[in-house]
Amino acid sequence: MKKKLLNILMLGLLVVSLSGCGADTTQEAMKDEVTEEITKETTNEETDAEAIEDNMTQTAHSTKQEVEMDEATKAELTQQLLEENEMDTSVVEGTKATRGCTFTLPEGFEESADMEGMYVTKRYPIDASTIYYIEMNKDIALQLMTEETFLAQAQEQFVENGEMDVEVSLDSFERIEIDGYPAFRIVCSYMLDEVKFTHLEYVINADKSYIITYSQTSEYDRMEEFEASAATIKLEY
């Protein structure tokens, strides 16, 4: 029971994994740019359409890893996509160094002995409400995350964990600011083993990515406490 609940909490974090969501959008843009450039170079040299297509495919595959590791190109394309979609571009620019993120825990929560960054109730796992905090390396492409990419990533994570029939419902997806930095406020829910799980998640894009995930089951409604805790979120400098 305890192990399963820990895994479920991790799913709440993984659905906004920095290796997915907005990053996929940027990689697709990079691939399109590479393909376009290859087309320009090969059109004048090759007259056979099949040969051109083969050459484009082979070259695109061979350069994909280079493109993925080119942070300057990634930043440039991400900024272009953010501007085209009228999104906040401040994540691409240099930001003030932060030392961490703080927030006030609801009464009755304490640090878990099983996982760093996790906070549980004193009655855990009977009361399976949890709070999970993690900081990760900055990924500017995360700012490109949309409702669609969020849901797709969430469903993919459940499938990878063997939960084929779980359907994630996105109840709220907001772009907000926390301490002057672009952030997301996301509420999602799903049914698992006849129990409803709800995640309230805050993702802050500063010089690092900070993620706070509040989780509850249908047996215990702590959303008011979670919202009060979230209102105290601050970055440390």
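Can you tell me the relative contact order of segment 127-237? Whole percent, Cα pairs under 8 Å, sequence separation 6 or more. Write down the numbers at each step before the final one.
On the way: 181 pairs, mean separation 33.0, N = 111.
Value for segment 127-237: 30 percent.
May I ask you to compute the full-extension gain from S172 to A97, defined as 0.36 nm times their residue separation minus their alpha-carbon distance, rounded to one decimal in nm? Before the final figure, lay out each step's value.
Details: separation 75, 0.36 × 75 = 27.00 nm, distance 2.97 nm.
Result for the pair: 24.0 nm of gain on full extension.
From the backbone phi of segment 155-163, what are the Karplus-calculated ³J(HN,Hα) couplings (6.51 cos²θ - 1.76 cosθ + 1.60, θ = phi - 60°) in whole Hz, Gly and Pro given as x?
Result, rounded to whole Hz: 4, 5, 5, 5, 4, 5, 9, x, 9.
In terms of modelled amide H atoms, which long-range or inter-chain residues lie less than 5 Å from the amide H of M118?
Amide H neighbours of M118, under 5 Å, 5+ apart: S112, Y133.
Decide, for segment 135-201, between rounded, prolate and oblate: order the square roots of the alpha carbon gyration tensor eigenvalues as a ≥ b ≥ c, take rounded if a/c falls under 1.5, and otherwise choose prolate if a/b is larger than b/c, else oblate. Walk me through the intermediate numbers first.
Numbers: a/c = 2.43, a/b = 1.76, b/c = 1.39.
Cα axes put segment 135-201 in the prolate bin.
Going by a ≥ b ≥ c, the root eigenvalues of the Cα gyration tensor, does segment 89-163 fall in the rounded group (a/c under 1.5), the prolate group (a/b larger than b/c) or the oblate group?
Numbers: a/c = 2.76, a/b = 1.29, b/c = 2.14.
Oblate.
Would you mind working out the magnitude of the charge dipole of segment 98-237 relative to its Cα centre, with +1 at each Lys and Arg C-beta and -1 at each Asp and Glu C-beta, to the nearest 20 Debye? The partial results should precede the final answer.
Values: 10 positive and 29 negative charges, 105 e Å.
Here segment 98-237 has a charge dipole of around 500 debye.
Counting only residues 5 or more places away or on other chains, whose amide H sits under 5 Å from the amide H of I178 once H atoms are built in the peptide plane?
Answer set, sorted by chain and number: A183.
Which cross-chain or sequence-distant (5 or more) residues have an amide H under 5 Å from the amide H of K196, H modelled 1.01 Å from N in plane?
Close amide H contacts, sequence-distant or interchain: S218.
Give the order of Y202, Y220, Y237 when sorted by the count of other beta carbons within 10 angstrom, beginning with the fewest. Intermediate values should be presented prior to the final figure.
Values: Y202 21, Y220 14, Y237 10.
Result, fewest neighbours first: Y237, Y220, Y202.
Given a cut-off of under 8 Å on Cα pairs at least six residues apart, what relative contact order in percent is computed for segment 105-164? Walk me through the numbers on the way to the answer.
Working: 36 pairs, mean separation 10.5, N = 60.
18 percent.
Each reported figure results from applying straightforward, stated rules to the coordinates on display, with no laboratory input. For clarity, every value in this text was computed on a predicted model and none was experimentally measured. Using ideal geometry, Cβ is built from the backbone for each residue, glycine included, and neighbour counts are taken over all protein chains shown.
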